[in-house]
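For reference, the structure discussed in these notes is given below.
The values are calculated or read from the model by the stated rules, or taken from the named source; none is laboratory data. None of these values were measured; they are calculated from a predicted model. Here the Cβ is made from the backbone with ideal geometry for all residues, glycine too, and neighbour counts use every protein chain on show.
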């Protein structure tokens, strides 16, 4: 679902929020990120929530498409919500993302628009040429909560 919100203060600005959900796969104190061939950047696996979907249903659908992993709601635990500028979108577009930890062992395989997958610490991700603001935020929170290095 895409929510549109007009700022009211500036008639030229139409801020838009994109509702998304993201999967947190942590291994050896690193977070799994997926490389989008479309945007040429590593992101949290997951994607947009379609109209009528819950965040969990959308995440299960997206993860099947992107990582070839079958999930259900019992495999996921809500962790946090992040808001960040949507990388690769027009100025003013904000990504609103519910993030879920996975509570089972999986073997992800890049598929669909995902060109590669890789595990990152915060420092390793900050050394990437392109960085998605949402990925930086979630890596910072995971590090502050002592879940990753």
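Structure values in brief
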read-out: So residue 148, is it crowded, with 16+ Cβ neighbours inside 10 Å and closer than 18 Å to residue 21 by Cβ; value: no
read-out: Members of region 122-149 that are in contact with a strand residue (DSSP E or B) (Cβ under 8 Å, 6 or more places away or on another chain), in a helix (DSSP H, G or I) and under 16 Å from residue 25 (Cβ atoms); value: 124, 125, 134, 135, 138, 139, 141, 142
read-out: Elements of type strands (runs of 3 or more DSSP E) contained in region 1-99, each with 1 or more residues being surrounded by 15 or more Cβ atoms within 10 Å (Cβ to Cβ) and modelled with pLDDT of 95 or more; value: 16-24, 30-36, 41-43, 46-48, 76-85
read-out: Selection count, region 100-114, where residues are surrounded by 14 or more Cβ atoms within 10 Å (Cβ to Cβ) and touching a strand residue (DSSP E or B) at 6+ places or on another chain (Cβ under 8 Å); value: 7
read-out: Any pair with Cβ under 6 angstrom, 6 or more apart, that starts in region 127-149 at a residue that is on the phi < 0 side of the Ramachandran plot and in contact (Cβ under 8 Å) with a residue 40 or more places away in the chain and ends at one that is in a helix (DSSP H, G or I) and buried (at least 17 other Cβ atoms within 10 Å of the Cβ); value: 139/122; 139/125; 148/142
